[in-house]
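Okay, so here's the structure we're looking at.
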Amino acid sequence: MAKKTTRPAAKAKKRKAASKSAAKAVLRAAKAGKAAKPKSAKAQVEADIVAEHGDIRPWTRAEVTEAFRRFQSVDPAPKGELQHVNPFTLLVAVVLSAQATDAGVNKATPALFAAADTPEKMIALGEAQVRDLIKTIGLYRNKAKNVIALSEKLIAEHGGKVPGDRELLETLPGVGRKTANVVLNMAFGQPTMAVDTHVFRVSNRTGLAPGKNVLEVELKLVEVIPAEFMMHAHHWLILHGRYVCLARKPLCEKCIIADLCRWPGKTVLAA
Ligand code: SF4
């Protein structure tokens, strides 16, 4: 028997189709250089549908260089905002920051790191105490388990030291590609690129490195960003996304790369 489509399902289908066709119209306008000043939040949502599909025309090499030259001139040595005192506490802080804000993690970690700033001390502290100290952070039960398990593995396999190697880092409990990239960049000075929600949004909206998923965006960023900017690129993009190119109501009027940005939803005149 044919499945009967319910009314809410039909409505959702209709909304999706309308949104898709509006997004296509925004893209057509953007390609024609006509999308200078969208007026509504709806137009920005539609523009983001285009951006999140990696459909914005990529920047030229000269535009990429110009954008990073500006980031560098405003903030020559950007810093990450997660508090830490050594590579181990950086690793723990990044693990704790999954699906949580840096500010939220920073509220919990001073007490945690005062009690345990090495894998040995973390194990001595024990899972129950770690859990108690981080209970203001989302998913804290699982994260406490991972912090203890990764401390054990660091001692058992790496002499208690954080390895400066992506593959080894990714074998640690709770550590994925993004966390490994942050640790390699910040603790070992490697020119890696961690793509979080802010970096993904900025890369796609502007035309810096359009891509459909985080891995695609990461690989494009590594390919297009000139070597001289790579060490700080991750922090410039995160800070730009966190404080200027906000997910809702981006501050285009204050944006230092607004003239280069290709996002059809931006609220300043297109280049
Ligand atoms: S102009 Fe700047 S703030 Fe606005 S969307 Fe583009 S990059 Fe983001």
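Can you tell me which residue in region 175-228 is farthest from Lys153 (Cα to Cα), limited to those that are touching a Phe, Trp or Tyr at 6+ places or on another chain (Cβ under 8 Å) and aliphatic (A, V, I, L, M)? Step by step, filter region 175-228, then rank; the result is Leu208. Listed conditions (1) without any contact (Cβ under 8 Å) to a residue 40 or more places away in the chain; (2) part of a helix (DSSP H, G or I); (3) of a type in the set (A, V, I, L, M, F, W, C) are all met by Ala258, apart from (2).
Condition (residue is of a type outside the set (A, V, I, L, M), outside any loop (DSSP other than H, G, I, E, B) and near the ligand (Cβ under 8 Å from one of its atoms)) applied to region 261-271: is it met by at least one residue? Looking through region 261-271, none of the residues is of a type outside the set (A, V, I, L, M), outside any loop (DSSP other than H, G, I, E, B) and near the ligand (Cβ under 8 Å from one of its atoms). When Glu253, Glu216 are checked against the criterion of being within 12 Å of the ligand (Cβ to nearest atom) and either modelled with pLDDT of 95 or more or not aromatic (Phe, Trp, Tyr) (or both), a single residue qualifies: Glu253. Cβ separations smaller than 6 Å between residues 6+ apart or across chains give the following pairs from region 102-119 residues that are crowded, with 17+ Cβ neighbours inside 10 Å to residues that are small (Gly, Ala, Ser): Val105/Ala93; Val105/Ser97; Thr109/Ala93; Pro119/Ser151; Pro119/Gly160.
Is at least one residue of region 235-246 within 16 Å of the ligand (Cβ to nearest atom) and closer than 17 Å to Thr60 by Cβ? No, region 235-246 contains no residue that is within 16 Å of the ligand (Cβ to nearest atom) and closer than 17 Å to Thr60 by Cβ.
Listed by position, the helices (runs of 4 or more DSSP H) enclosed by region 100-178 that each have at least 2 residues that are among the polar types (S, T, N, Q) are 102-115, 140-158. The set of residues in region 205-234 that are in a helix (DSSP H, G or I) and crowded, with 22+ Cβ neighbours inside 10 Å comprises Arg205, Thr206, Val217, Glu218, Leu221, Ala233, His234.
The values are calculated or read from the model by the stated rules, or taken from the named source; none is laboratory data. All values derive from a computational prediction rather than experimental measurement. All Cβ positions, even for glycine, are placed from backbone atoms using ideal geometry, and neighbour counts span all protein chains on display.
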